[in-house]
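This report concerns only the one structure given below.
The values are calculated or read from the model by the stated rules, or taken from the named source; none is laboratory data. As the structure is a computational prediction, the values presented were derived from the model and not from experiment. Backbone-built Cβ (ideal geometry, glycine too); neighbour counts: all protein chains shown. Side chains are part of the model used for accessible areas, which takes the heavy atoms of the whole protein and leaves out ligands, DNA and RNA. Shrake-Rupley method; radii C 1.70, N 1.55, O 1.52, S 1.80 Å.
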Amino acid sequence: MKKILLQISLIAVFTAFAVDASCQKSAFSGTWKLDRTKSVVPEYIPVLTQITVKMKADSILTERYYDIGDGQEYPFDENLPLNGSNVSINIYDMPRKANVTWSDKDNTVNLTSTTTFYDSGTPVDFSSKETWKIGQSNVMTISFVNKSTQGEVTGQFVLNKVSQ
């Protein structure tokens with residue numbers, strides 16, 4: 001009888017941890033809009049104005065909207081497995097390689113990408129490392145480090161959840 005109670009207790013504990021991890025991931029799903037007043041965005045970089053996230057247990061689908069400084073928003077979709085596998089896509093004729101992992105320890109999404117664009121016919125790599133974290137009051141922070149031949153910049157996009 002004691003063995004059965006112990007087994008039931010262990011199952012309950014492991015189920016609770018699994019449900020908690022699943023809930024943490026699902027908190028990322030929804031549409032998020034940039035709060036410019038709280039964000040730290042260096043000059044002369046594309047600004048993430050909105051992102052729609054569909055987080056599953058093993059993958060993440062995003063639709064990102066960027067303003068590159070001309071007042072227009074440029075969207076692109078990306079579907080990535082959460083196991084760190086590299087995925088290649090093209091964004092407006094620019095090749096992009098990206099991978100993403102989920103950290104159970106920190107409850108964060110960690111995305112690394114390299115997008116190649118051409119400057120006067122010369123390929124230039126724009127590398128980015130992002131860490132996504134959910135805070136209180138439906139706020140997501142995406143901290144980033146971007147590197148290119150022009151140097152390194154850091155910042156963070158603070159986004160408010162506007163819909164599930």
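Within the range 128-151, being modelled with pLDDT of 95 or more and not polar (S, T, N, Q) holds for LYS129, GLU130, TRP132, LYS133, ILE134, VAL139, MET140, ILE142, PHE144, VAL145, LYS147.
In the range 47-79, what residues are closer than 19 Å to ASN110 by Cβ, open to solvent by less than 80 Å² (accessible area, probe 1.4 Å) and not aliphatic (A, V, I, L, M)?
Of the range 47-79, the ones closer than 19 Å to ASN110 by Cβ are 48, 51, 53-62, 64, 78-79.
Keeping just the survivors that are open to solvent by less than 80 Å² (accessible area, probe 1.4 Å) gives 48, 51, 53, 55, 59-62, 64, 78.
Result: SER59, THR62, ARG64, GLU78.
A Cβ distance below 6 Å, combined with a sequence gap of six or more or placement on separate chains, defines the contacts here; from the range 28-47, residues that are at negative phi reach residues that are open to solvent by 30 Å² or more (accessible area, probe 1.4 Å) and in a loop (DSSP other than H, G, I, E, B) in the pairs PRO46/ILE68; VAL47/VAL41.
For the range 19-68, the set of residues classified as hydroxyl-bearing (Ser, Thr, Tyr) and either closer than 20 Å to PHE144 by Cα or touching a Gly at 6+ places or on another chain (Cβ under 8 Å) (or both) consists of SER29, THR31, THR37, SER39, TYR44, THR49, THR52, THR62, TYR65, TYR66, listed by residue number. Is it the case that the range 19-39 has a residue that's at pLDDT below 95, under 23 Å from SER127 (Cβ atoms) and either open to solvent by 40 Å² or more (accessible area, probe 1.4 Å) or among the small types (Gly, Ala, Ser) (or both)? Looking through the range 19-39, none of the residues is at pLDDT below 95, under 23 Å from SER127 (Cβ atoms) and either open to solvent by 40 Å² or more (accessible area, probe 1.4 Å) or among the small types (Gly, Ala, Ser) (or both).
Only one residue in ASP125, ASP119 is at pLDDT below 95 and over 15 Å from the mean Cα position of the chain (by Cα), so which one is that? Lay out the reasoning, then the answer.
Details: ASP125 fails: at pLDDT below 95.
Matching residue, one of ASP125, ASP119: ASP119.
For the range 151-158, the criterion of being under 16 Å from ARG64 (Cα atoms) and of a type in the set (Ser, Thr, Tyr) is met by no residue.
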